[in-house]
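Q: What follows is a structure written as structure tokens; I'll ask about it next.
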Amino acid sequence: MTDLARDYAEQGFLVVPGIVTPAEVAALNAAIEDVCREHGALLKPDGRLVFEDVLCIHFPHKLNATIAAAMAHPGIIEVLTAVLGPNVKAMQSMFFVKNAGKPGQAWHQDEYYIPTRDRSLIGGWIALDDATIENGCLWVIPGSQKPGVIWPTAPHGSDEFDGADAASGFPWPESEAIPVEVKAGDVVFFNGYLLHRSLRNRSAGFRRALVNHYMTAESMLPWNWDGRHGGTQDNRDIVMIAGQDPYAWKGMEENQKPMLRRETPRLR
């Protein structure tokens, strides 16, 4: 694990093969179908799933025990504690559906949306299908996390990506970006400051992924959203997955609700 921590610090991301077993991958894909059946907003009148017009389901761990358990997968905890230390909390899950033809996400940094006091934010990207260049795998700029700068964002004006703004003004040319092609069950861990994106799914199938976000339990969690959410409060809508919670005396308070992200930038 020492080598993993060193590589993560240098590159800003890690790929750890086969953490999630084929049976666990199948269970997670079945779990998201259960979520759709149990929450009618994701069903057509004839009962068929409407995955084709949903890009992402936010906070599905609040709707399904299998998805919630994946947040604290033992193999994921082993990597997180090696990189972050003994006390780790989770605060978000996102199930990316990305059906055939659907757009990707432009260059962005997760820490823009989920700021930490100690630069500890880390995404755990669980591949639930093989992710390839053709079907819209992640692309990263290795080492772009090192300056610890949140780059400005602006509309991208491209139908290659969904409606979220793109990071801009950073000094690395796109020629330094590399694709992160992985097999189902592999997990990509990446730093909250790392510039990353994905492109349109040009295959005939899905490119599904469950992405959980983690940070040290010592860090506050303001969910800043570029100042729109205030940025001073400590959000206690978390899941402790390892170690001790130094702020346990504050209790917990649920204030994030499951929601959909569609191809246009509207949420409901």
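The values are calculated or read from the model by the stated rules, or taken from the named source; none is laboratory data. It should be emphasised that the depicted structure is a prediction, and the values quoted were computed from it without experimental measurement. So basically every Cβ, Gly included, is an ideal-geometry build from the backbone, and we count neighbours across all protein chains shown.
Q: Only one of Ser168, Ser175 is farther than 23 Å from Ala72 by Cβ, surrounded by fewer than 21 Cβ atoms within 10 Å (Cβ to Cβ), touching a residue at least 24 places away in the same chain (Cβ under 8 Å) and of a type in the set (Gly, Ala, Ser). Can you tell me which? It would help to see each step written out before you state the result.
A: On the way: Ser175 fails: touching a residue at least 24 places away in the same chain (Cβ under 8 Å).
Unique residue meeting the criteria: Ser168.
Q: I've got another one for you. Of the conditions (1) touching a Leu at 6+ places or on another chain (Cβ under 9 Å); (2) surrounded by fewer than 23 Cβ atoms within 10 Å (Cβ to Cβ); (3) not in a loop (DSSP other than H, G, I, E, B), Ile126 fails just one. Which one is it?
A: Of (1) touching a Leu at 6+ places or on another chain (Cβ under 9 Å); (2) surrounded by fewer than 23 Cβ atoms within 10 Å (Cβ to Cβ); (3) not in a loop (DSSP other than H, G, I, E, B), only one is false for Ile126: (2).
Q: Identify, please: which residue in segment 194-212 is over 13 Å from the mean Cα position of the chain (by Cα) and over 15 Å from Gly104 (Cβ atoms) and is, among those, surrounded by the most Cβ atoms within 10 Å (Cβ to Cβ)?
A: Step by step, filter segment 194-212, then rank; the result is Gly205.
Q: In addition: Check off (1) loosely packed, with under 15 Cβ neighbours inside 10 Å; (2) over 17 Å from the mean Cα position of the chain (by Cα); (3) at pLDDT 85 or above for Ala69 and give me the number that stays unchecked.
A: Of (1) loosely packed, with under 15 Cβ neighbours inside 10 Å; (2) over 17 Å from the mean Cα position of the chain (by Cα); (3) at pLDDT 85 or above, only one is false for Ala69: (2).
Q: Kindly indicate whether His213 is closer than 19 Å to Glu10 by Cα and of a type outside the set (S, T, N, Q).
A: no
Q: Here is a further query. Please specify each residue of segment 181-206 satisfying the condition of being out of contact with any Phe, Trp or Tyr (no Cβ under 7 Å at 6 or more places or on another chain) and among the β-branched types (Val, Ile, Thr).
A: Of everything in segment 181-206, just one residue is out of contact with any Phe, Trp or Tyr (no Cβ under 7 Å at 6 or more places or on another chain) and among the β-branched types (Val, Ile, Thr), namely Val182.
Q: Which residue, of Leu14, Leu4, is assigned to a strand (DSSP E or B) and modelled with pLDDT of 75 or more? Break it down into steps so the answer makes sense when it comes.
A: Details: Leu4 fails: assigned to a strand (DSSP E or B).
Just a single option satisfies the conditions, and that option is Leu14.
Q: Just wondering, is there one or more residues in segment 172-179 that are within 17 Å of the chain's Cα centre (by Cα) and not in a strand (DSSP E or B)?
A: no
Q: Just name the residue that is nearest to Trp223 (Cα to Cα) out of those in segment 80-122 that are touching a helix residue (DSSP H, G or I) at 6+ places or on another chain (Cβ under 7 Å) and assigned to a loop (DSSP other than H, G, I, E, B).
A: Among those residues, the one meeting the criterion is Leu121.
Q: On the given criteria, is Gly185 at pLDDT 90 or above, assigned to a loop (DSSP other than H, G, I, E, B) and farther than 25 Å from Asn235 by Cβ?
A: The answer is yes for Gly185.
Q: Mind listing just one residue for me: the one in segment 224-239 that is at pLDDT 75 or above and in a loop (DSSP other than H, G, I, E, B) and, of those, surrounded by the fewest Cβ atoms within 10 Å (Cβ to Cβ)? I'd like the intermediate steps shown before the answer.
A: Of the residues in segment 224-239, the ones at pLDDT 75 or above are 234-239.
Restricting the remaining residues to those that are in a loop (DSSP other than H, G, I, E, B) gives 234-238.
Details: Asp234: 14, Asn235: 16, Arg236: 18, Asp237: 16, Ile238: 21.
Here the answer is Asp234.
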